[in-house]
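First up is the structure itself, then whatever we jot down about it.
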Amino acid sequence: MTTIKGAYDGITVLDFTQGIAGPHASMLLALHGADVIKIEPPEGDWGRALGELKGDHCAHSVAFNRGKRSIALDLKSADGIAVVKKLAAKAHVVMESFRPGVISRLGFGYEDVKKINPNVIYCSVSGFGQTGPYSKRPTVDGLIQAFSGMMVMNRMPDGTPWRQGMIAVDVTTGLYTFQALSTALMRQFRYNEGCFIDSSLMRAAAAFQGAKLMEWVLSKGNPPVLYMPAGSFKSSNGYIMLSAMRPHHFRLLFELIGRDDIANDPDLQTHENRIKNAPKIIKALNETMPTKTTEEWISILQPKDVFCERVNNYQDYLDHPHVKESGAIDWIEQDGFGRMPVANIAGLPPASEHAPQQHAPHIGEDGPDILKELGYGTADIDAMFARGGVRAPVSAVKAAD
């Protein structure tokens, strides 16, 4: 196995986050070498049950917790409190995703931790942020899609607002949080300064849609489509995505599919007129594209540089020769869960070259090792497990039963 030096080797992260957004950010730190210690309740992170469960993992918990170590604690128990205080004192980064105010009531808020670790980077991840009238309002990814305008911008042809079928805002929040933590770590490294980071799904959703927010104001609430045609159309055996932004692409597309009437239509010769007369363009494509297979159309259009692509499902993507040959996906065996595809991330070595870092921990799996590193002896650890403030690890075999 290749030995890889990580940018964050030697960095310790105390991670209280659950779900997707916070765990995604802390996982990226872990994949770059940080020792991310995942603090879970005795029953485990609620994100472990987002979808089909196999043992103590689902696909989401494997996907967003790789490379971490887990210890399961009751944060209201004397043992749990003592362990967290020791970890917080040495951590470079502390992360949490409780509803605003909860972590402070537990005694581990930013001001509490700063007293024992003045230069700590403290990151709170929440739905609406730490301040404002909605700060304590419960929310999830889909609700932020609604709140942020994303569902309106993703509306169906009949105008119905539509939710993205994946947890788009949570994943995006993880990315923005990771970049905020990365720059904060650079400041900590250069100037020995800590800070507080207020990250939220609401802000991440707005940042992701920043151009659309500007466009909405510029257009007085009626943003135009960027160009026409652009969309998916039914073929005889599936769907094909077409994009003809430039005038010569538009003309070539309709000439190649045998619709010179559209290519030469005087009402469709400018960008503005194509958008104005979009129903005529869409009608022609809906009439013509079903006459051939997606593959037949691609063989006609792509050699002439008309932008088009087959609409794939995930299996199509995983099986695609370009995906395989470019190394976009590796397959990793997760004990107790099975063989899973891992999407390789730009800037990181392929998962196959650093397989141990791809392991997602079981509930409390690393508790004994973490406690030993904190100076607890075997008898102390056994006593903690017996008292229940710290949960003993469950084997992978039992977890999968």
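Points worth noting:
- Output for the stretch 322-336, where each listed residue is more than 24 Å from residue 33 (Cβ to Cβ) and surrounded by 13 or more Cβ atoms within 10 Å (Cβ to Cβ): 323, 336
- Residues within the stretch 213-224 that are at negative phi and either part of a loop (DSSP other than H, G, I, E, B) or touching a helix residue (DSSP H, G or I) at 6+ places or on another chain (Cβ under 6 Å) (or both), tallied: 4
- Of all residue pairs spaced 6 or more apart or on separate chains, those with beta-carbon atoms under 7 Å, a first member in the stretch 274-285 that is touching a residue at least 24 places away in the same chain (Cβ under 8 Å) and a second member that is surrounded by fewer than 19 Cβ atoms within 10 Å (Cβ to Cβ) are 275/224; 275/225; 284/259.
- The lone exception for residue 169 - which of (1) more than 16 Å from residue 206 (Cα to Cα); (2) at pLDDT 95 or above it fails: (1)
- Unique residue being among the aliphatic types (A, V, I, L, M), modelled with pLDDT of 95 or more and more than 27 Å from residue 7 (Cβ to Cβ) when the list is 143, 175, 185: 143
- Selection of the stretch 135-146 for residues being more than 13 Å from residue 164 (Cβ to Cβ) and touching a residue at least 40 places away in the same chain (Cβ under 8 Å) yields only 139.
- Residue pairs whose Cβ atoms lie under 8 Å apart, separated by 6 or more positions or on different chains, with the first residue in the stretch 177-199 and in contact (Cβ under 8 Å) with a residue 40 or more places away in the chain and the second charged (D, E, K, R) and assigned to a helix (DSSP H, G or I), are 193/187; 194/114; 195/187.
- Given (1) touching a Ser or Thr at 6+ places or on another chain (Cβ under 6 Å); (2) in a loop (DSSP other than H, G, I, E, B), index of the condition residue 48 fails: (2)
- Filter result for residue 264 (closer than 22 Å to residue 225 by Cβ and over 38 Å from the mean Cα position of the chain (by Cα)): no
- For the stretch 188-212, the tally of residues that are loosely packed, with under 15 Cβ neighbours inside 10 Å and in a helix (DSSP H, G or I) stands at 6.
- Test: residue in the stretch 71-82 that is touching a residue at least 12 places away in the same chain (Cβ under 8 Å), in contact with a helix residue (DSSP H, G or I) (Cβ under 6 Å, 6 or more places away or on another chain) and surrounded by 22 or more Cβ atoms within 10 Å (Cβ to Cβ): yes
- Matching residues in the stretch 225-278 - criterion: being part of a loop (DSSP other than H, G, I, E, B), crowded, with 17+ Cβ neighbours inside 10 Å and of a type in the set (Gly, Ala, Ser): 235, 244
Residues are listed down the side, and each one gets a yes or a no for (1) under 30 Å from residue 237 (Cα atoms); (2) surrounded by fewer than 19 Cβ atoms within 10 Å (Cβ to Cβ):
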position: 310; (1), (2): yes, yes
position: 320; (1), (2): yes, yes
position: 338; (1), (2): no, yes
position: 362; (1), (2): no, no
position: 369; (1), (2): no, yes
position: 391; (1), (2): no, no
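- Of all residues making up the stretch 260-278, the number that are at pLDDT 95 or above and either within 19 Å of residue 234 (Cα to Cα) or acidic (Asp, Glu) (or both): 5
- Test: residue 399 is surrounded by 16 or more Cβ atoms within 10 Å (Cβ to Cβ), among the small types (Gly, Ala, Ser) and at pLDDT below 95: yes
The values are calculated or read from the model by the stated rules, or taken from the named source; none is laboratory data. These figures come from a predicted structure and were not determined experimentally. FYI the Cβ positions are ideal-geometry reconstructions off the backbone, even for glycines, and counts take in every protein chain you see.
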